[in-house]
Amino acid sequence: MPTANAVSAKSVNANTLFAANAADAQANATRLFSRTNELMITMAQALWEGQTKLLQVEVEQAAKTFSPPATGGDPGEIYTIYCQQWHESSERRITHLRQMNDLMRDYNWQVFEAYADSLCQLNKPMPLRFFVRLRN
């Protein structure tokens with residue numbers, strides 16, 4: 001005999017809760033995942049190319065720095081040349097870091113835009129066929 005304190009559990013079918021948008025939500029999630037993967041690969045490739053270019057320039061700069069100075073030259077002039085090279089190298093690094101920062105900011109905005117577009121897709125009005133099915 002059931003007691004008054006017995007708890008009854010109802011099982012809820014997932015199709016009852018999500019029948020209208022399950023396929024649409026899955027398709028939308030797939031589109032979002034594909035788009036963000038494309039963006040990530042494009043950004044990673046641009047980042048890799050930028051870092052490779054910077055490394056090549058820095059290796060050339062290091063080769064110039066470690067080359068022995070000309071004998072018999074003015075030490076003040078040699079020191080000035082080293083300082084100019086160091087300044088140019090610093091400017092290159094700053095420019096490179098700005099480019100990488102712009103690249104990352106652009107990537108983040110594109111991911112945000114893709115996410116916002118996916119939310120807009122989820123908030124579309126439900127098709128009329130859904131309401132017809134509910135009445136039956």
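The values are calculated or read from the model by the stated rules, or taken from the named source; none is laboratory data. Computed from a prediction, not measured in an experiment: that's the story for all the values here. Reconstructed Cβ throughout: ideal geometry from the backbone, glycine too, with neighbour counts over all protein chains shown.
Points to keep in mind about this one:
- Some residue of the range 7-23 being in a helix (DSSP H, G or I), modelled with pLDDT of 75 or more and of a type in the set (S, T, N, Q): no
- Subset of the range 60-85 (residues that are surrounded by 10 or more Cβ atoms within 10 Å (Cβ to Cβ) and among the β-branched types (Val, Ile, Thr)): Thr65, Ile78, Thr80, Ile81
- Count of the range 25-77 residues which are over 30 Å from Glu113 (Cα atoms), in a helix (DSSP H, G or I) and either at pLDDT below 80 or of a type in the set (Asp, Glu) (or both): 7
- Here the condition is being modelled with pLDDT of 90 or more, of a type outside the set (Ser, Thr, Tyr) and assigned to a helix (DSSP H, G or I); of Gln99, Gln85, Gln121, it holds for Gln99 alone.
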